[in-house]
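Every read-out reported here was derived from the displayed coordinates using simple, explicitly stated rules and does not represent laboratory data. Predicted model, so just to flag it, every value in this text is computed and none were measured. All Cβ positions, even for glycine, are placed from backbone atoms using ideal geometry, and neighbour counts span all protein chains on display.
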Amino acid sequence: MPTEPATQPITWTVKALLQWTTEFLKKKGVESPRLESQILLAHVMDCPKIELVARSNEEPTEVERARFKDLIRQRTEGWPVAYLVGKREFYLLSFEVTPAVLIPRPDTETLVLEALRLLKGRANPAVLDLGTGSGCIAISIAHQAKTTRVTAVDVSPDALGVAKRNASTHGVQDRVTFALGDLFAPLPEGSQFELIVSNPPYVTPGELAELAPEVRDHEPRIALDGGPDGLAFYRRIATDASRFLKPGGTVLVEIGVSQEDAVQGIFAARSELTVNPTIKDLAGRPRVISARRT
């Protein structure tokens, strides 16, 4: 009686690992399974993601495969990829991220672009970043506008620790000052800025419950919860912005896609502020409210 041929063991090359993991994550409902597989494997192998193509026939070591397997397990349990690898790209730079800070989103680059446009040609401008988190806004502005001095405020000591390390990594620590406190509270009386920027918490309790588990269960609630109607922080920023803006200075705040009219109304209600046209993101959605001190 003929014997059946023995099954050949799988050779776990980079290509084979990515193919298997992509299908596995896809079945688990992960939105970008191929990309996330590449990011995690590149992290384990300590190489740029693009290098995986050239190394597709290489076999990662047993230790690397074990680490990769563990990261995939954590990803299927809902942990965001950015926290698993400890970093996220934002506006040309790579930022350290931990569960103490909100993961930077590409939409927030719209705010940075508008800030840099307003700062162009100004000599030694002062910028205030409220709720700096990872520092991605403050540091991106300081990195691109070389004479700018930025004050970055956050209520979380752990978040400020992350932001300070990011400032040092990108060589702007001498032009970014960090302050611990709630919005304007830690600023010395009389402080004034050409520009105030913020990506404040703006999610309502109902929206929080509907967020993807990786956001709802892992990103800091303090950076998401905008109060009963999602507008609490906009009211507070609008109330105090003019005290800290130089005449002709501008305040820029990121908004949720359905909040344009409400946030415009909050800033328009302040007689000392004039609301500018809303800045839209690359998808054409309202993303940044701009108001100028008159």
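The table for this structure:
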{"read-out": "The chain, dipole about Cα centre (Lys/Arg Cβ +1, Asp/Glu Cβ -1), debye to the nearest 20", "value": "780 debye"}
{"read-out": "Theoretical gain in end-to-end length, residue 13 to residue 76 [0.36 nm per residue, Cα-Cα removed]", "value": "20.5 nm"}
{"read-out": "Convex hull of Cα atoms in region 14-77, direction-averaged projection (nm²)", "value": "3.7 nm²"}
{"read-out": "Region 172-203 versus region 114-143: alpha-carbon centroid distance in Å", "value": "10 Å"}
{"read-out": "Listed residues 130, 18, 231, most fluctuating in the chain (Gaussian network, C-alpha, under 10 Å)", "value": "18"}
{"read-out": "Gap separating the Cα centres of region 38-55 and region 211-234, nearest whole Å", "value": "33 Å"}
{"read-out": "Rg/Rh ratio calculated on Cα atoms of region 130-251 (Kirkwood radius)", "value": "0.99"}
{"read-out": "Percent antiparallel among DSSP beta bridges (both partners in the chain, rounded to 5)", "value": "40 percent"}
{"read-out": "Positive-end extreme of charge dipole, the chain - chosen from 98, 238, 180 (charges on Cβ)", "value": "238"}
{"read-out": "Normalised contact order of region 1-105, rounded percent, pairs of Cα under 8 Å and 6 or more residues apart", "value": "22 percent"}
{"read-out": "Backbone N within region 215-257 under 18 Å of label point (7 Å from residue 182 Cα along the Cβ vector)", "value": "221-241"}
{"read-out": "Relative contact order [Cα under 8 Å, 6+ residues apart], region 142-191, whole percent", "value": "45 percent"}
{"read-out": "Karplus 3J(HN,Hα) series, Hz, for region 169-180 with 6.51 cos²θ - 1.76 cosθ + 1.60 (x for Gly, Pro)", "value": "4, 9, x, 10, 4, 7, 10, 10, 9, 9, 9, 8"}
{"read-out": "Rg and Dmax of the chain, Cα atoms only, in Å", "value": "22.5, 94"}
{"read-out": "Under 29 Å from residue 26, Cα to Cα: lysines that are on another chain or at least 8 residues apart", "value": "15, 49, 69, 87"}
{"read-out": "Estimated 222 nm signal from helices in the chain, with DSSP H stretches of n ≥ 4 weighted -39500 (n - 2.57), rounded to 500", "value": "-11500 deg cm²/dmol"}
{"read-out": "Charge-dipole axis of region 117-169 as Lys and Arg at +1 and Asp and Glu at -1 on Cβ define it, positive-most pick from 125, 153, 168", "value": "125"}
